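Participant: If you scroll down you'll find the structure; I have some questions about it.
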Amino acid sequence: MTVIYSTSEHDTAEITELRQAINDSDNTFSKLERAHRLEQRERMDRYDALLAAGRPSFPTPGHLEAFDQVAALVHEDTSYGDHLGCPTDADILAGRALPKSVHFAAASGRVNVYAGAPRKARRGDHAWQFTDADIDALRAELRQRSLKILSQWIHEDGVAFIVASNRPA
């Protein structure tokens with residue numbers, strides 16, 4: 001809203017009264033708006049804190065289950081997933097669909113592991129990400145399943161690994 005500061009020689013009692021009413025109304029609205037924003041910011045901070053408190057330990061049981069499946073697919077040289085690592089219709093019909101927390105593209109050997117974090121209230125970024133310790137634990141689990149990690153990188157909601165079998169041929 002616009003606060004009216006200026007006066008002129010043309011002011012009448014009615015103009016002065018209206019100017020004061022407009023300014024008072026604007027000041028009242030501004031105070032309410034500030035109070036609302038503060039209250040909303042506090043709610044969003046609490047929301048984000050509650051989300052963060054729900055962060056699971058990594059790797060999750062779903063990750064471990066998927067790693068077992070990925071290892072079997074890699075060691076058996078079984079085709080799986082489209083170029084994004086999503087199960088194809090053939091994979092689903094064969095009962096090979098991985099848990100949603102992991103995608104696997106056999107053609108490239110890419111394993112995408114997702115943290116599954118919800119979005120924060122204000123910024124739209126994720127409530128949590130994998131820590132270095134989480135990534136080390138994920139790597140250790142993959143290696144434990146005789147998978148060699150050729151490369152890795154972090155993406156928006158997780159980490160990707162390029163893997164190959166580490167079993168003797």
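Participant: Would you work out which of 71, 130, 16 lies farthest towards the positive end of the dipole of the range 1-131, given +1 charges on the beta-carbon of Lys and Arg and -1 on that of Asp and Glu, about the Cα centre?
Facilitator: Comparing the listed Cα positions along the dipole, 71 ranks first.
Participant: Taking a cut-off of 30 Å between Cα atoms, list the lysines near residue 148, but don't count ones fewer than 8 places away on the same chain.
Facilitator: 100
Participant: Helix-only estimate, please: 222 nm mean residue ellipticity of the chain, summing -39500 (n - 2.57) across DSSP H runs of length 4 or more and dividing by its residues, to the nearest 500.
Facilitator: Estimated from H runs of four or more residues: -15000 deg cm²/dmol.
Participant: Still on this structure: Counting only heavy atoms of protein chains, what accessible area per residue, in Å², does the range 22-169 have with a probe of 1.4 Å?
Facilitator: 60
Participant: Using a 1.4 Å probe on the protein heavy atoms, what percent of the accessible area of the range 22-169 belongs to carbon and sulfur?
Facilitator: Ligands and nucleic acids excluded, carbon and sulfur give 53 percent.
Participant: Once you charge only the Cβ atoms, +1 for Lys and Arg and -1 for Asp and Glu, what is the size of the charge dipole of the range 39-169 about its Cα centre, to the nearest 20 debye?
Facilitator: 200
Participant: Right, another one. Counting Lys and Arg as +1 and Asp and Glu as -1, what is the net charge of the other residues whose Cβ lies under 13 Å from the Cβ of residue 107?
Facilitator: Net of charged neighbours comes to -2.
Participant: Provide the packing ranking of 113-120, 51-58, i.e. peptides ordered by the mean count of other C-beta atoms within 10 Å per residue, highest first.
Facilitator: Descending packing order for the listed peptides: 113-120, 51-58.
Participant: Amide H to amide H under 5 Å from residue 148: which residues, 5+ apart in sequence or cross-chain, H placed 1.01 Å off N in plane?
Facilitator: It is 164, 165, 166, by chain and number.
Participant: Provide the descending list of Cα extents for the range 59-143 along its principal axes, expressed in whole angstroms.
Facilitator: 42, 28, 22
Participant: Taking just the C-alpha trace of the range 1-155, give me its Rg and Dmax in Å.
Facilitator: 28.5, 92
Participant: Roughly how much of residue 92 is accessible, in Å² to the nearest 10, using a 1.4 Å probe?
Facilitator: The value for residue 92 is about 100 Å².
The values are calculated or read from the model by the stated rules, or taken from the named source; none is laboratory data. Remember, it's a predicted structure, so these values are computed and weren't measured experimentally. As a convention, Cβ positions derive from the backbone with ideal geometry for all residues, glycine included, and neighbour counts pool all protein chains shown. Please note that ligands, DNA and RNA were not included when accessible areas were found on the heavy atoms of the full protein model with its side chains. Shrake-Rupley method; radii C 1.70, N 1.55, O 1.52, S 1.80 Å.
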